[in-house]
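Here's the structure we're looking at; comments come further down.
The values are calculated or read from the model by the stated rules, or taken from the named source; none is laboratory data. Here the structure is a predicted model, which means the values were calculated and not measured. Cβ coordinates were reconstructed from backbone atoms using ideal geometry, including for glycine residues, and neighbour counts include every protein chain displayed. Calculation scope for accessible area: heavy atoms of the full protein, side chains included, ligands and nucleic acids excluded. Shrake-Rupley method; radii C 1.70, N 1.55, O 1.52, S 1.80 Å.
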Amino acid sequence: MTQFVLVYGDDRISYQVAYDDARTSRVAIHVNPDGSVSVDAPKGFDDSTIKSAVQKRAKWVANHVKDARERYAHVRPKEYVSGEQVLYLGRRYMLKVIPVTGKPTAVRLIGNRLEVQSATGTPDDMRGRVRAWYRVKGRDYLARRIDSLSRSLPWVTSPPPFRLLEMSSQWGSCSPTGEVILNPHLIKAPRACIDYVLVHELAHLKHHDHSTEFWRLIDAHAGDWRKAKHHLDGLVELLINE
């Protein structure tokens with residue numbers, strides 16, 4: 001990764017450049033949901049060529065970064081107290097903190113409540129228990145969906161290995177060896193949004209770039225993916241808020 005700075009008026013916007021062997025003709029600029037900027041460039045491009053390409057789209061980049069940062073501005077960190085809302089598979093549940101004197105039992109989703117026992121009731125303890133619950137639920141649900149989608153997608157011969165990794169600007173990625181990496185916060189999103197991310201990453205098993213052929217594959221197998229992506233982008237500040 002190489003880091004540069006885009007200057008647009010009074011804005012100074014840093015961006016990271018990743019060099020992609022499969023890309024041959026031009027750079028691809030991504031403004032991520034958290035306002036960070038990343039650029040994919042052909043391996044042979046020099047720094048001046050990349051900077052020039054990004055500078056030509058400076059207004060577009062600056063406007064999208066501003067929009068992303070404004071979405072984050074109003075989000076308050078969670079306090080992990082009874083009555084707060086938590087998200088799971090796109091639905092909202094009420095957090096119920098249950099003080100106990102002994103060893104807490106497992107976190108339980110009952111009706112419209114997420115019940116969490118705690119011996120201390122501190123935000124750190126509650127956060128840790130809720131995060132652990134999300135990871136278990138995410139691991140199990142995502143494994144089932146990857147298995148199901150792998151059987152329906154003609155280019156996937158068997159479900160790929162996957163693991164969870166918290167990422168600040170990505171919902172998922174697919175390594176050159178075919179391992180799918182997913183953000184555990186994804187389990188909070190609606191099912192249609194999760195399936196879009198999974199099909200997107202599974203499509204990288206066939207096309208390791210974002211070429212025209214890649215997006216044709218997404219169009220053919222991800223249904224109304226644009227609606228799901230737009231919905232997911234609009235929820236990002238809520239989904240990763242802790």
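Tabulated values for the structure
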read-out	value
Difference of contour (0.36 nm per residue) and Cα-Cα distance, ARG26 to ARG135	35.5 nm
Eligible aspartates and glutamates near LYS103 by straight Cα distance, threshold 17 Å, same-chain separation 8 or greater	GLU115, ASP124, ASP125
Per residue, in Å², the accessible surface of the chain once ligands and nucleic acids are set aside, probe 1.4 Å	55 Å²
FRET efficiency for ARG144 and GLU79, using Cβ-Cβ distance with R0 set to 35 Å, rounded to 0.05	0.60
Estimated dipole of region 114-242 in Debye, rounded to 20 [Cβ of Lys and Arg +1, of Asp and Glu -1, Cα centre]	300 debye
Between 0 and 90°, nearest 10: helix 212-221 axis offset from the chain longest Cα axis	40 degrees
3J(HN,Hα) from dihedral phi, region 9-20, Karplus parametrisation 6.51/-1.76/1.60, rounded to Hz, x for glycine, proline	x, 8, 7, 10, 10, 7, 8, 9, 10, 10, 9, 10
Crossing angle, helix 191-203 versus the chain [Cα axis fit, 0-90 degrees, rounded to tens]	40 degrees
Total charge dipole magnitude, region 60-136, about the Cα centre, Cβ charges on Lys, Arg, Asp, Glu only, Debye to nearest 20	200 debye
Accessible area of region 84-240 belonging to carbon and sulfur atoms, whole % at 1.4 Å probe	52 percent
Alpha-carbon centroids, region 149-168 and region 58-121: separation in whole Å	27 Å
Rg and Dmax [Cα atoms of region 185-224; Å; Rg one decimal, Dmax integer]	10.5, 30
Candidate lysines for bridging to LYS59, where Cα separation is under 28 Å - those fewer than 8 sequence places away on the same chain excluded	LYS43, LYS51, LYS227, LYS229
Degrees separating the helix 123-152 axis from the principal Cα axis of the chain, which is the longest one	60 degrees
Dipole of the chain, positive direction: furthest Cα of ALA41, GLY90, ALA28, with charges on the beta-carbon	GLY90
Read-out semi-axes √(5λ) of the Cα gyration tensor in Å, derived from the coordinates shown; its label in (i) 26, 24, 16; (ii) 35, 24, 15; (iii) 29, 20, 16	(ii)
